[in-house]
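Novice: One structure coming up, written as C-alpha cells, with questions to follow.
The values are calculated or read from the model by the stated rules, or taken from the named source; none is laboratory data. Worth saying up front: this structure is predicted, and the values here are computed from it rather than measured. FYI the Cβ positions are ideal-geometry reconstructions off the backbone, even for glycines, and counts take in every protein chain you see. Surface areas here come from the heavy atoms of the whole protein model, side chains and all, with no ligands, DNA or RNA. Shrake-Rupley method; radii C 1.70, N 1.55, O 1.52, S 1.80 Å.
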Amino acid sequence: MSSPRHHGPELLAPAGDWEALRAAVANGADAVYFGLSNFNARHRATNFTLEELPEVMRYLHDRAVRGYIAFNTLLFSDELPEAVKFITAIAEAGADAVIVQDLGLARLIHRLAPALPIHASTQMTLTEPRGIAFVKQLGVDRVILARELSVPEIARVAEQTDVPLEVFVHGALCVAYSGQCLTSEALGGRSANRGQCAQACRLPYEMVVDGQPRDLGDRAYLLSPQDLAAYDLIDDLVKLGVACFKIEGRLKSANYVANTTQTYRAALSAALEHQSFALPRQSRLDLEQSFSRGLTHGFLDGVNHQVLVQGRFPKSRGVRVGAVVETTKRGVIVELAENDPNLVKPGDGVVFDAGHPEQDEQGGRVYEIHRLASPQAASRGSPPRVELLFGHGALNLAAISPGNLVWKTDDPALNKRLERSYSSDRSARRIPLSVHITGRIGQPLHLIARDDAANEASVTWVGPLERALKHPLTVELAREQFGRLGETPFELADVTLDVPDEVLVPKSVLNDLRRQAVAQLSETRINSTRRPVSQPDALHQLRQSIPTHSGFKLMADSCQLTFNILVRTLDQLDAVLAWTPAPPLPRPALVYCDFEDVRRYRLAVARARGASIPIGLATLRIVKPGEESWLRMVASFEPDAVLIRNLAGLTYFRENAPHITRNGDFSLNVANELTSDLLISEGLSRLTPSYDLNWDQLKAMTARIDPALFEIVVHQHMPMFHMEHCVFAAFLSNGKDHRDCGRPCDHHKVDLRDRVGAPFPVVADAGCRNTVFNSVAQSAAEYLPRMQALGLRHFRVELLRETPDQVAPLLDRYSRVLAGLDDGRGTWRQLQALNQLGVTRGTLQLV
C-alpha cells in the first residue's frame, strides 16, 4: 500500500463537488474529505456517486493528494448490508480513509477491510483519552476531536494518547456537541446524526427568564455561533503534535475552499519552517468575504460566553463596509468602517442590515461611488464618507435608515482571482521521482523510476546500445530530458547512470522512456492504493456472533418487566419515593437521578436507600480533560446503578467500580445490533436506543439481538441541544465562564421561545453545559403493548420540570398501561388534554 506521502502535519480541505475538489487540490491541500450519495453527515451537499469514486480517487492520487470518505452517520440495522456494499467499493477504489461515527460500523469495517484506515468522526464526541483508547481497539487510526476543546485541553489529550489527532481550525461551529444534537430529529424527524440537520440553531429565539421576556436589544440569534478561524494558532497546535488541520465546509463554494486552503497552507508552511506567520489585513478581509458570521477562535482559547455568540445575525455577512448616514435621491451615504479606498468598489454586492435578518433586507450591486470625505478630514482620523449609487429601482431607499450597518456580501474581483487559482486544474503538490539508468554496449538500455512511496516502474529500450561518436549520454542530458514532466504529478529528484562513458542514446528514446515510465508508475500508484476486502462475509460473521436469535423470545419472556423513573430534583425524587401504587401496578424498579449539582447525589442515595428503592446516578454527557473527578464522585456515592452517557464513563466504571450496575443511555448512539452487542460486551447491562430510531428501525434492531437488553424512554421532553455554550452566562451576566459569571443558573429559570411561541426549557449541568429541551413532551403510551409484544421489558419515564404534585398522576397513567389495566391510546389522549402544550408521539411514531 502506498498512498500519497507527505512530511509533517496534514492540511485537510472539504469538497462538496468537483469544483471544490479541484480548488482544494490546486491551492495546497494535503488531503480532501468528501461524502458519497448516502451515509454522510452533509446530505445537502452535492456529494459524489459511488460510480465516480474511482475517478475521484485517481484524480487525487495523480496529484499526490489523499482522499477521505465521510461515512459519518448512524447506521440502522436494515442499512448494514447496503453499507457493506459502499465500504467494499470505497476500499477497492483506493480511498485513504473512511470517517465514521457509528461504533458498530467501525467494528464492521475493521473486520471487512482491515487495511482501510478508519478516522473517528467528530460526531463520536471524543473529548478525552479514555474514549480515544476505546475506539482505538475498534481499529480507529485517527481521532477528530470535538470542537469544544481548548488548546491546553488538546495538549492534555495529546500527552495521553498515541492516536493521531485531527483538529478543526476553520469554518462554521455547531452550537451543540456534534453527535449530541437531537434538535432536527425532535422538531421535524430530520436527524443531524443522519446528515439532515435543519439548522434550528440559526433561528431567532426570545429569552424568557422566570416567566418574563428579557429585552436583549438586537440580539435574537442566541444559539448561532460565530465562525472559527485559527490561522494564528497553527504554530501552537503543530508544537502539540496535532496530525491534521481540518477546514469545515462541504456545503460551501469552491471559492471558499480555495481561499481557506490558501490561508492555512501558508500558516502551516510557516509553522513547519519555524517562521512567524501574520495574516495580511487584505487576506483577513478576503476570508471574511468568502464566508463569515464573524471570525473567532471558537473554543480554542477556552470558554468565553461573551464572544462565541454575537446574536445579531445567523448567516454570512462578509466584510463590514460601514454604517448608513443618510439616503439621497440617487443612493446612500455611508460612513466607512475604515479609511480604505478599496473597501467597496463598483460592482460589489452590499446589503443594508437593520437588525432583522429574518426580514427582506435591502441590497444590490454598487453602480458608482462618490467619495465625500476631504483629505484633511481623513488625515485627522475622521471616518471617510462615500455615496453609494445603485441602478434605477434596485433598492427601496425608503426602507433604509440611518444607523443601518452596510456589509459587502460579494466581491467579483476576489471571485475571479480565486477562480483563476484552480481554473487550470494544476496541482500544488509534486511527487519526487528518482531515475536509475543502466546498460552496456550492444545490449538494451534499462530504466527504473521510483517515487517517494517506493513504487517502481521498469521500462526498456531494446537498442542495442552503440558507442557515441559525439553527444554521449550524460547525467546532465538525462536530467534535462527526464525533467520535462510537464502536467504530470511528478518532479525529478535525481538521476543516476550506470552506463559506459561514451554510450549513445537519442533524445527521442529518452523522451519515450520517460513517457512510458510515468504512465506505468501512475498506474502502479493507483493499483497500490486499493485496499483488499479480506472478509466479504464480515457482517454475517458479526451477526452470527451475537447470541442465537432463536433464544431472544425465551430470554425476553423470562425477563421481568421494569418501570424506571428519571428525576432532576430532590423534590421530584421525594415524590417518586412517596408514590405507592396499588397492586398490580408496578413500583419503580429503579430511580435515576440527573441533578445539576452532582454533589446532591449523596442525599439522593440516602433517601432512596431509606425507601428501599434502588437508585441510579447519571454521569455528565461530556467529560473533558481534568473532569474525571465528576465520575469519581458518582462512584463514591455507591449507587445501585450508574447511567453511562459517554465512553469515558463506560471505561472508568468498568475499571474502577465494576460492582455497580452500568446502563447505557441514549447519548451512546446505539442504532444497530453491532453497536449494541459491542457495548454489552463491554459490561453494560442495559442500553437505551438512540432517539434517531423510528418504530420500524427499533423493530429491526430488536429482531437481531435480545430485546430485553433495551430500556425504552416512553415519556420525556427530548434533549435537543447539548452545548458547551451557556446562555445563562452569555445573556444574564458579563462573565466569560463559571469563574466570573455569578452562576445565574442557580437563581433563574430560563426558556428560549421560538417564532411560534413555543418555550424550550434550558437546564445547566454540573459542568456548566446547557441542554435545551423540547417544549412538548413526547409519549409512547399508546405503543407500550406493541413494545411488550416485541419482547421489550424495561421502560422509563423522565421528568423535567414537573412539580411534586404532578408526579404521581403521571406515573399512575403509565403504570396502568404497563399493567394492562388501561388502553395506551386512551392514556395518550388524556396526556394530550392535560398538558398545556399537549404531547407528541415523537420519533417512534408508527406509520
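Novice: What nm distance separates the two modelled labels at residue 803 and residue 508, each placed 7 Å from Cα along Cα→Cβ?
Specialist: According to this spin-label approximation, the distance is 10.0 nm.
Novice: Something else: Enumerate the calculated ³J(HN,Hα) couplings along segment 49-56 in order (Karplus 6.51 cos²θ - 1.76 cosθ + 1.60, θ = phi - 60°), each rounded to whole Hz, writing x wherever the residue is Gly or Pro.
Specialist: Per residue, the Karplus-derived 3J(HN,Hα) values read 7, 5, 5, 8, 4, x, 5, 4 Hz.
Novice: Answer rounded, prolate or oblate for segment 62-105, using the Cα gyration tensor with square roots of eigenvalues a ≥ b ≥ c: rounded when a/c is under 1.5, else prolate when a/b is larger than b/c, else oblate.
Specialist: Taking the square roots of the gyration eigenvalues as a ≥ b ≥ c, segment 62-105 is oblate.
Novice: Something else about it: Using protein chains only and a probe of 1.4 angstrom, how many square angstrom of residue 252 are accessible, to the nearest 10?
Specialist: Accessible surface of residue 252 is approximately 30 Å².
Novice: I need the semi-axes of the equivalent ellipsoid of segment 267-409: take the C-alpha gyration tensor, multiply each eigenvalue by 5, square-root it, list largest first in whole angstrom.
Specialist: Whole-Å semi-axes of the equivalent ellipsoid: 30, 20, 14.
Novice: Note down the relative contact order for segment 267-424 as a percent, whole number, built from C-alpha pairs under 8 angstrom at least six residues apart.
Specialist: 26
Novice: Could you pull out every residue, at least 5 positions away or on a different chain, whose amide H is within less than 5 Å of the one on residue 409? Hs are placed 1.01 Å off N in the peptide plane, and Pro or chain starts have none.
Specialist: 349, 350, 351
Novice: Further question: I need the shape label for the chain. Rule: rounded when a/c is under 1.5, else prolate if a/b > b/c, else oblate, with a, b, c from the alpha carbon gyration tensor.
Specialist: Judged from the Cα gyration tensor, the chain comes out oblate (a/c at least 1.5, b/c at or above a/b).
Novice: Ignoring ligands, DNA and RNA, what percent of the 1.4 Å accessible area of segment 458-546 is carbon and sulfur?
Specialist: For segment 458-546, the apolar C and S fraction of the accessible surface comes to 52 percent.
Novice: Another question, then. Residue 819 versus residue 474, label points 7 Å from Cα toward the beta carbon: distance in nm?
Specialist: The two pseudo-label positions are separated by 10.3 nm.
Novice: Given a Förster distance of 60 Å, report the FRET efficiency between residue 656 and residue 329 from their Cβ-Cβ distance, rounded to the nearest 0.05.
Specialist: Taking R0 as 60 Å, the efficiency between residue 656 and residue 329 is 0.20.
Novice: What is the extension gain from residue 340 to residue 370, computed as 0.36 nm multiplied by their sequence separation minus the C-alpha to C-alpha distance, in nm to one decimal?
Specialist: 9.4 nm
Novice: Right, next: Select from segment 217-298 those GluC sites (Glu not before Pro) which occupy a DSSP coil region and have at most 12 other Cβ atoms within 10 Å, ordered by residue number.
Specialist: In loop regions of segment 217-298 (DSSP not H, G, I, E or B), the sparsely surrounded GluC sites (Glu not before Pro) are 273.
Novice: Which of the trypsin sites (Lys or Arg not before Pro) across segment 279-376 are loop residues per DSSP, with 10 or fewer other Cβ within 10 Å?
Specialist: Sites meeting the loop and neighbour criteria: 329.
Novice: Of the heavy-atom accessible surface of segment 1-125 (probe 1.4 angstrom), what whole percent is carbon and sulfur?
Specialist: Accessible surface attributable to carbon and sulfur in segment 1-125 totals 47 percent.
Novice: Roughly how many percent of the accessible protein surface of segment 325-368 is carbon and sulfur, given a 1.4 Å probe and a whole-percent answer?
Specialist: Carbon-and-sulfur percentage of accessible area, whole number: 44.
Novice: Quick one: check the C-alpha center-to-center distance for segment 765-783 versus segment 48-87, whole angstrom.
Specialist: The distance from the Cα centre of segment 765-783 to that of segment 48-87 comes to 35 Å.
Novice: Based on Cβ point charges of +1 for Lys and Arg and -1 for Asp and Glu, what charge dipole magnitude is obtained for segment 507-644 about its Cα centre, in debye rounded to the nearest 20?
Specialist: My answer is approximately 720 debye.
Novice: Here's something else I'd like to know. Can you tell me the alpha carbon radius of gyration of segment 417-515 divided by the globular rule-of-thumb value 2.2 N^0.38 Å?
Specialist: 1.25
Novice: Can you pull out the trypsin sites (Lys or Arg not before Pro) in segment 696-761 that DSSP calls coil and that have at most 11 other Cβ atoms within 10 Å?
Specialist: 739, 755
Novice: Starting from the Cα of residue 530, move 7 Å in the Cα-to-Cβ direction to define the label point; list residues of segment 451-488 whose amide nitrogen is under 20 Å from there.
Specialist: Label zone hits: 453-458.
Novice: Roughly how many Å² of residue 424 are accessible to a 1.4 Å probe, to the nearest 10?
Specialist: Residue 424 has an accessible surface of roughly 70 Å² with all protein chains in place.
Novice: Which part of segment 440-474 falls in the paramagnetic zone of residue 520, meaning amide N under 16 Å from the point 7 Å along Cα-to-beta-carbon?
Specialist: Those under the cut-off are 444-451, 454-463.
Novice: Another question, then. With a 1.4 Å probe and every protein chain left in place, work out the accessible area per residue of the chain in Å², rounded to a whole number.
Specialist: 39
Novice: Can you give me the C-alpha center-to-center distance between segment 104-176 and segment 252-287, rounded to a whole angstrom?
Specialist: Result: 25 Å between the Cα centres.
Novice: Provide the gained length on full extension for the span residue 160 to residue 278, in nm with one decimal, where the gain is 0.36 nm per separating residue minus the Cα-Cα distance.
Specialist: 39.4 nm
Novice: Give the shape of segment 133-278 as rounded, prolate or oblate, defined through the alpha-carbon gyration tensor: a ≥ b ≥ c are the square roots of its eigenvalues, a/c under 1.5 means rounded, and otherwise the shape is prolate if a/b is larger than b/c and oblate if not.
Specialist: prolate
Novice: Something else now. Expected output is a single nm value to one decimal: the length gained when fully extending between residue 753 and residue 682, i.e. 0.36 nm times separation in residues minus the C-alpha distance. What is it?
Specialist: Between residue 753 and residue 682, full extension yields 21.5 nm more.
Novice: Moving on to the next point. Mind listing the phi-derived Karplus ³J(HN,Hα) values for segment 798-808, rounded to whole Hz, using 6.51, -1.76 and 1.60 with θ = phi - 60°, and x for any glycine or proline?
Specialist: 10, 8, 10, 10, 4, 6, x, 6, 8, 6, 4
Novice: So what's the gap between the Cα centers of segment 620-675 and segment 800-825, to the nearest angstrom?
Specialist: The distance from the Cα centre of segment 620-675 to that of segment 800-825 comes to 29 Å.
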